[in-house]
1. Of the residues G114, G69, only one is of a type outside the set (D, E, K, R), open to solvent by less than 60 Å² (accessible area, probe 1.4 Å) and within 28 Å of S43 (Cα to Cα); which?
2. If you check every pair at least six apart or on different chains, which have Cβ atoms under 8 Å apart with a residue in the stretch 83-97 that is within 15 Å of S111 (Cβ to Cβ) first and a residue that is basic (K, R) and open to solvent by less than 60 Å² (accessible area, probe 1.4 Å) second?
3. Report every pair of residues separated by at least 6 positions or lying on different chains whose Cβ atoms are under 6 Å apart, first residue within the stretch 35-53 and open to solvent by 10 Å² or more (accessible area, probe 1.4 Å), second in a helix (DSSP H, G or I).
Amino acid sequence: MVVVADKVVLIHYTLRNDEGKVIDSSAGGDPLAYIHGHGNLISGLEKELEGKPAGEKLAVRIAPADGYGERSAELVQRVPRRSFGGATVKPGMQFQAQTSSGEARVATVTSLQGDMVMVDMNHPLAGENLHFEVEITEIRDATEEELAHGHVHGPGGHHHHDH
Ligand code: ZN
């Protein structure tokens with residue numbers, strides 16, 4: 001069996017940036033389980049895994065366009081501190097925000113400038129090359145229920161649900 005659309009794929013992975021710093025890793029825990037071809041992973045990584053058998057190990061570099069996108073200057077904005085309604089605002093604070101086109105994004109406060117707050121709505125990994133080391137630990141058929149829900153049940157997936 002190889003990785004194709006609608007298969008449940010379990011992977012161990014380590015993600016590093018250009019400087020070699022580990023950003024995320026499944027090491028020491030359960031492998032990540034996902035349904036292939038449903039946009040659950042970034043597109044560049046799904047492309048690299050396509051057609052590979054269980055047991056395969058790969059090391060790939062994914063450019064921003066196939067990862068979390070390029071950084072956009074338009075997503076960096078100055079907003080008045082009063083728009084936070086009296087809440088304490090500190091650099092590093094994150095909150096849900098909407099872009100002018102209505103898209104939901106996580107925004108990060110980057111600095112304070114007097115009564116203004118600099119807010120960055122870019123994904124923290126936007127503009128970064130992603131260096132993945134991946135091992136495919138298991139490939140199996142998805143159940144009908146998993147396909148209907150669009151996510152994996154059981155080990156590495158969702159254990160609890162109320163849907
Ligand atoms: Zn479910």
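The values are calculated or read from the model by the stated rules, or taken from the named source; none is laboratory data. Source: prediction; values computed, not measured. Neighbour counts are summed over all protein chains in view; Cβ atoms, including those assigned to glycine, are modelled from backbone coordinates with ideal geometry. Just the protein is used for accessible areas: all its heavy atoms, side chains included, with ligands, DNA and RNA removed. Shrake-Rupley method; radii C 1.70, N 1.55, O 1.52, S 1.80 Å.
1. Numbers: G114 fails: within 28 Å of S43 (Cα to Cα).
Just one listed residue meets the conditions, G69.
2. Short answer, once both residue conditions are applied: none.
3. Pairs found: S43/D66.
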